[in-house]
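Report on the following structure.
The values are calculated or read from the model by the stated rules, or taken from the named source; none is laboratory data. Keep in mind that this is a model prediction, so the values were computed, not measured. Virtual Cβ from ideal backbone geometry, glycine too; neighbours counted across all protein chains shown. Please note that ligands, DNA and RNA were not included when accessible areas were found on the heavy atoms of the full protein model with its side chains. Shrake-Rupley method; radii C 1.70, N 1.55, O 1.52, S 1.80 Å.
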Amino acid sequence: MLTAARYCVCSIPKASSLSHAGRRRVLVTVRARSSLASAFACTLRPNVRGRKYTTFGASEDPPTSKALDVSIRETVSGVERSLENIQEYMDFDRVSQEIQAAQASLEDPYLWMANPGAASRAQSRLAELQHQLSSRDRLQKNFKRLKELLAVAEAAEDLDLHAAVLLELQGLRRSADEFLTTLWLSRPLDQNSAYIDVRTGSDSAAACDWADRLVQMYTKWAQSRKFAVKTVEDTHEDLAGPKGTTLLVEGRYAYGYTQYESGIHALTSAAASGELGARPAAIASVRVLPYIDEDDVTAGVELDPADLEIATVAGEGAKNGKTTPEMGKAVRVVHVPTGLTVTCQREPSVHQNRVMALSLLRSKLYDAELQKRAHSESSAHSALQGTPQDTPIRIYALEAARVVKDLRTGYEVSSDGVQKVLNGDLDRFMEASLRKFRKKH
C-alpha cells in the first residue's frame, strides 16, 4: 500500500529463551495507519494431545506443514527482495554525508535569524534522513530476529509457532514495501500538492460523462487520504457535463502519488468473452501537474512580469447581461511567449484568483518543459517514459467483462474491484507505476 504507515513488531521472545519455555504467550500485533491494515493476536499454550502449542483466535482450520512452508518461503523471499531494493535504491553514503552537512548548518547560531525558512527546511530534511536510516536499521534487525525465531520453530517442528512467525514476516514485508515507496517519492517536487486536469476527448455527452466520472474518482481518492480538494477550473458544454475540470489536491506527496496518472483513460466496450473492445466508447485526457509556490526554486520556473498579460474578466455569474456577485472576480493570465492561458474564478477574491492562476501557469510551464525534455532525451528511462498526454495508459471495461487494466504496468483488477477503483481505490495502480518508473535499473 502507498500509505506511509508505521508497523511495529512487539512481544516476540528471544529465540534463545524459547527452548526453555514451559509455557509461552506469543502476541503478534501488526499496527498500521491504513484503512486496509489488520490486527491479529494468537495465544499459544501447551496441548494435552501431545502438540506443544495450540493456536487460539483463528476460526479456520490450521494450515498444513507443506502449506506453511510454501507461504513462509515466499514471504521470506519477498522480504529479502524488498530489503535488497531498499539497499539498492538508497545511497546510504550520500545520506550520511547529507546528515552531517545538515547538522553542521543547523549549528550556525545565525541561521535562524538570517534565514529562518532555510533553517526550517534544513531541520525537516535532517529529520527525514535520520528517519530513513533508523527505518532501514529497524527493518533489518526485525528480519534477522524473525529468521532466528523461524529456525527455532523448524527445529521444534511446531506448526503454530511457524504460523505466528509467518504473520510477523507478512507484516514486515508490508513495512518494507511501504518504506521503499517513501524512498521512491524523494524527488524535489514529490512532496508537493498537485493539479489534476481532466479533459474530454470529444464534445459528446458520453465523453463528458466519462470525464465527470474520472473527476469523481480522483476526488474520492484524495478524500480517502484526507487531502483537501478544490476545483480551480471547470468548463461546460451545454448540459452534458464538464468538458474540462482542473482539481487542486492539497496534501503532502499528492503529486508524487498521482504524477503517473497522466495520459489517456479509455472507457471500452466488453465482449462476453472478456476481451476488451478495440474501439473505446469514450476517452478522457488526464494531466497531473505539481503545485509550485512563488518562492519554490526547485522547479526552476520563473515568471517574468513582462511576459504576462493579466486581466480581470467576468465570472460565471455574469450571464445575459446581468451582474451577479461573481462578476469581475475571475482572473485570466496569458503567457505571451508560449501562448499558455489559465483562468481562475473559484476563489473568493480577485487577489486569490490571481495567485492561483499564476501558480497554475507555473505548473503548466514546468510541465511543458518536462515534456520537451522527455521527447528529446534518448534515455530509455526518462521521467515520463510511456506517459505523454496522447498515450493510452488505462482501460476501463464496465460491462460484461468488468476489468480495469493499466497498459504500462500490466496491473489490473476485475469484478468487484472495478467499482472500488471508480470509488477512488487507486493506491495499487499508483504503486505499480512507481515501482516501474522509479525503480533503479
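Among the residues of region 249-264, is there at least one that is of a type outside the set (S, T, N, Q), part of a strand (DSSP E or B), at pLDDT 70 or above and within 23 Å of residue 345 (Cα to Cα)? Looking through region 249-264, at least one residue is of a type outside the set (S, T, N, Q), part of a strand (DSSP E or B), at pLDDT 70 or above and within 23 Å of residue 345 (Cα to Cα).
Screening region 160-211 for residues that are of a type in the set (Phe, Trp, Tyr), assigned to a helix (DSSP H, G or I) and within 15 Å of the chain's Cα centre (by Cα) and picking the one that is surrounded by the fewest Cβ atoms within 10 Å (Cβ to Cβ) gives 184.
Exactly one residue out of 426, 384 is at pLDDT 90 or above, open to solvent by less than 20 Å² (accessible area, probe 1.4 Å) and of a type outside the set (Lys, Arg), and it is 426. Restricting attention to region 346-371, and to residues there that are acidic (Asp, Glu) and assigned to a helix (DSSP H, G or I), which single residue is least open to solvent (accessible area, probe 1.4 Å)? So the residue we want is 367. Residues in region 355-370 that are under 12 Å from residue 287 (Cα atoms) and touching a residue at least 60 places away in the same chain (Cβ under 8 Å): 363, 364, 367. For region 149-158, the condition of being touching a helix residue (DSSP H, G or I) at 6+ places or on another chain (Cβ under 8 Å), farther than 30 Å from residue 218 by Cα and open to solvent by less than 10 Å² (accessible area, probe 1.4 Å) holds for at least one residue. Among the candidates 420, 372, which residue alone is under 26 Å from the mean Cα position of the chain (by Cα), among the charged types (D, E, K, R) and at pLDDT 90 or above? Within the list 420, 372, the selection yields 420. Close Cβ contacts (under 6 Å, 6 or more residues apart or on different chains) running from residues in region 109-126 that are within 17 Å of residue 295 (Cα to Cα) to residues that are open to solvent by 70 Å² or more (accessible area, probe 1.4 Å) comprise 119/112. If you go through region 83-108 and pick out every residue that is among the hydrophobic types (A, V, I, L, M, F, W, C) and at pLDDT below 85, you end up with 3.
Do the conditions hold for residue 359, that is, is it closer than 19 Å to residue 294 by Cβ and at pLDDT 90 or above? Yes, satisfied. Taken over region 300-314, the criterion of being among the hydrophobic types (A, V, I, L, M, F, W, C) and over 36 Å from the mean Cα position of the chain (by Cα) is satisfied by 306, 311, 313, 314.
So, in region 109-129, of the ones that are open to solvent by 50 Å² or more (accessible area, probe 1.4 Å) and either modelled with pLDDT of 90 or more or charged (D, E, K, R) (or both), which residue ends up farthest from residue 95 (Cα to Cα)?
Per the stated criteria, the residue is 121.
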